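This report concerns only the one structure given below.
Any read-out appearing in this document is the output of simple, stated calculations on the displayed coordinates, not a laboratory observation. Computed from a predicted model, the values in this text were never measured in an experiment. A quick note on method: Cβ atoms are made from the backbone with ideal geometry, for glycine too, and the neighbour counts reach across all protein chains shown.
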Amino acid sequence: MTDTAVRTPAADQAPDVAGSQESATREILNPSTGLVIQTVPEHSAADVDRAVATAVEAFENGPWPALHASERSRILLRIADEIEASTEELYRLEALNNGRPVTETRAQLSRVPEWFRYNAGLLAAQRTAVLPSDGPYLTYQRRAPLGVCGIITPFNHPMLILARSLSAALANGNVVVVKPSELTPLTTLALLPILAKAGVPDGVVQVVTGAAEAGRRLTEHPDIAKITLTGGTETGRSAAVATARRFARMTAELGGKTPVIVFDDVEAKEAAEGAAFSAFVAAGQSCVAGSRFLVQRGIYDEFVEHLTARAKAIRVGDPTHPETQMGPLISARQRDKVSALVESGREEGATVTAGGGVPEFGSDAATGTPDAAGSDALRGGYFYEPTVLADASMDMRVAREEIFGPVAVVIPFDDEEHGIAMANDNPYGLGAGVWTRDVARAHRVADRIKAGMVWINDHHRLEPSLPWGGIKESGIGKDAGVESFDEFSWLKTVVTRIAPDSVDWYGGAGTERLN
């Protein structure tokens with residue numbers, strides 16, 4: 001069966017990868033129903049080679065890298081406008097493809113144009129330095145595009161994460177080969193005609209659809225100058241080895257086990273309801289999901305009570321329904337993984353105070369309601385209940401491993417030192433949250449947490465200007481911000497002698513020089 005509730009890019013609109021003759025295809029499923037949305041090519045390593053060859057040709061002989069910065073900036077602004085005009089179609093397509101509720105996808109995709117406008121602004125305002133030099137020299141710097149960049153995106157935020165890197169890469173005059181998640185390629189494919197309409201020349205952005213073979217070849221390809229990857233830590237480790245062999249650049253946002261530290265100077269109900277977003281947004285399928293709630297003992301029981309109530313009240317169901325608050329997991333495999341980890345928590349002594357299983361859906365398909373009385377079609381989806389595991393400890397698997405599902409693990413701590421030590425007791429270092437009303441403590445704790453991003457009394461706040469990325473096994477480099485923009489170009493220093501006399505070292509003229 002095929003799910004056609006929302007118009008999707010036709011299979012014959014998939015990119016022509018330099019004359020690809022692939023025969024294999026992949027079915028793209030709606031995770032809410034398990035039904036097929038459409039099929040796309042399963043591109044091979046040879047297809048990736050053809051895509052990269054097309055990109056190399058576009059970079060070496062095409063107009064894009066040679067365009068004046070002001071013209072590239074104008075095209076990026078037109079991309080932003082075209083995406084904005086297509087937002088409704090795009091967010092509905094993304095909700096269909098990855099199962100996030102339309103309320104979430106609408107809010108997220110409405111911000112995608114900001115990244116193109118931000119990087120267009122950076123490009124328009126870009127300056128290079130004139131450097132001090134001793135003697136009769138004018139020394140200045142120039143920036144040049146890297147060449148062909150590979151962008152590998154995940155299933156959870158396919159459009160937003162692509163926009164972060166794509167906008168910076170294009171602004172700097174690079175050409176790009178994109179490999180979206182094999183599970184969620186549809187909005188990436190839908191972006192291609194938008195880019196063309198905005199004025200991006202043919203060949204500048206190529207898309208390859210496929211799984212591990214395509215991704216591995218992209219990271220290993222000798223003509224790829226930079227890889228930007230968002231995915232699992234082991235995938236990132238393999239990509240880092242491949243890029244290091246040829247000294248290519250790499251930015252990687254990888255796994256996380258985000259601690260959310262809640263101090264007893266906050267009101268427990270307010271903190272629980274605010275912090276619940278960190279655990280359950282995107283059904284917990286986020287690298288910065290707040291899956292470790294470290295709660296000071298003075299309010300621990302009350303916090304668990306309110307978090308449990310909030311989790312039980314979340315409306316789970318059809319993500320296309322405007323009242324739905326949480327959709328399915330991306331696949332049956334992911335649901336099985338989440339379920340197994342929750343069971344391990346039970347076995348190790350944690351108490352399930354909310355959720356802990358697959359929701360039951362009714363058989364009245366006509367109602368369209370998003371909760372347990374919802375459509376019979378949802379029985380084929382990959383849903384899991386918002387789950388709270390209380391009475392947990394730091395030695396449990398659920399407290400140490402990335403779950404990537406709607407599971408909040410709640411662990412008590414004694415004092416500030418204890419909470420900080422627990423927060424840092426993990427191989428990851430992507431994000432962290434701190435909930436406190438003590439201003440000095442907020443900044444003191446944030447300073448000591450080993451993570452690339454820390455939110456105080458909030459979570460998952462992002463802007464195009466805020467560098468995004470972690471440390472330790474959560475990755476290297478930054479997406480967004482000036483830091484990301486600059487990493488898509490290389491810096492050249494030009495030294496010009498401006499003295500009227502000549503230099504003849506071996507003839508005795510200019511021997512005062514020190515080289």
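Segment Tyr506..Thr39, full-extension length gain: 161.1 nm, with 0.36 nm per residue of separation and the alpha-carbon distance subtracted. By the helix-only formula, in which each DSSP H run with n ≥ 4 contributes -39500 (n - 2.57) and the sum is divided by residues, the chain has a 222 nm mean residue ellipticity of -11500 deg cm²/dmol. Which of Val175, Leu162, Gly199 sits closest to the plus end of the dipole of segment 110-243, meaning its Cα is farthest towards the positive end, when Lys and Arg get +1 and Asp and Glu get -1 on the C-beta? Checking the options against the dipole of segment 110-243, the answer is Gly199. Using Cβ point charges alone (K and R +1, D and E -1), the dipole size of the chain about the Cα centre works out to roughly 1240 debye. Seen from Thr258, the other residues with C-beta closer than 14 Å to its C-beta sum to a net charge of 0, counting Lys and Arg as +1 and Asp and Glu as -1. Along segment 61-72 the Karplus relation, 6.51 cos²θ - 1.76 cosθ + 1.60 evaluated at θ = phi - 60°, assigns HN-Hα couplings of 10, x, x, 4, x, 8, 4, 4, 3, 5, 6, 4 Hz to successive residues, with x for each Gly and Pro.
For Val178, the residues 5 or more places off, or on other chains, whose built amide H falls under 5 Å of its own are Ile151, Gln206, Val207, Val208.
Put simply, when 347-353, 117-123, 182-188, 497-503 are sorted by average Cβ atoms within 10 angstrom per residue, most first, you get 182-188, 117-123, 347-353, 497-503. Contact order for the chain, expressed relative to its length and based on alpha carbon pairs under 8 Å spaced 6+ residues apart, stands at 17 percent. Summarising the strand pairing of segment 259-456, around 15 percent of its internal DSSP beta bridges are antiparallel. Using only side-chain charges placed at the Cβ, +1 for Lys and Arg and -1 for Asp and Glu, the dipole size of segment 268-340 relative to its Cα centre rounds to 280 debye. Which distance in nm do the two modelled labels at Ser393 and Phe247 give, with both placed 7 Å along the Cα-to-Cβ direction? The modelled label-to-label distance comes out at 5.1 nm. I want to make sure I understand the PRE zone here: with the label point 7 angstrom from the Cα of His68 toward its beta carbon, which residues in segment 107-136 have backbone N atoms less than 17 Å away? Answer for this model: 121, 123-127.
So what's the gap between the Cα centers of segment 115-134 and segment 461-480, to the nearest angstrom? For segment 115-134 versus segment 461-480, the Cα centre distance is 21 Å. Reported value for the chain: 170 Å³ per residue, from the convex hull of its C-alpha atoms. Taking 32 Å as the cut-off for C-alpha to C-alpha distance, list the pairs among Lys197/Lys450; Lys197/Lys226; Lys269/Lys337 that go past it. Violating the 32 Å Cα-Cα cut-off are Lys197/Lys450. Here's the picture: charge each Lys and Arg Cβ at +1 and each Asp and Glu Cβ at -1 in segment 259-456, and of Pro322, Gln334, Val409 the one pushed furthest to the positive end of that dipole is Gln334. Potential lengthening of the chain between Ala125 and Thr351 amounts to 75.9 nm, from the contour at 0.36 nm per residue minus the alpha-carbon distance.
The local environment of Pro136, defined by Cβ-Cβ distances under 10 Å, has a net charge of -1 under the rule Lys, Arg +1 and Asp, Glu -1.
Using the Cβ-Cβ distance between Ala46 and Glu267 with R0 = 45 Å, the FRET efficiency computed as 1/(1 + (r/R0)^6) comes to roughly 0.15. Label positions at Ala196 and Arg437, each projected 7 Å from the Cα along the C-beta direction, are separated by 5.8 nm. Spatial offset of segment 170-188 relative to segment 57-110 amounts to 10 Å, using the alpha carbon center of each.
Packing, taken as the mean count of other beta carbons within 10 Å per residue, orders the peptides 435-442, 104-111, 293-300 from highest to lowest as 293-300, 104-111, 435-442.
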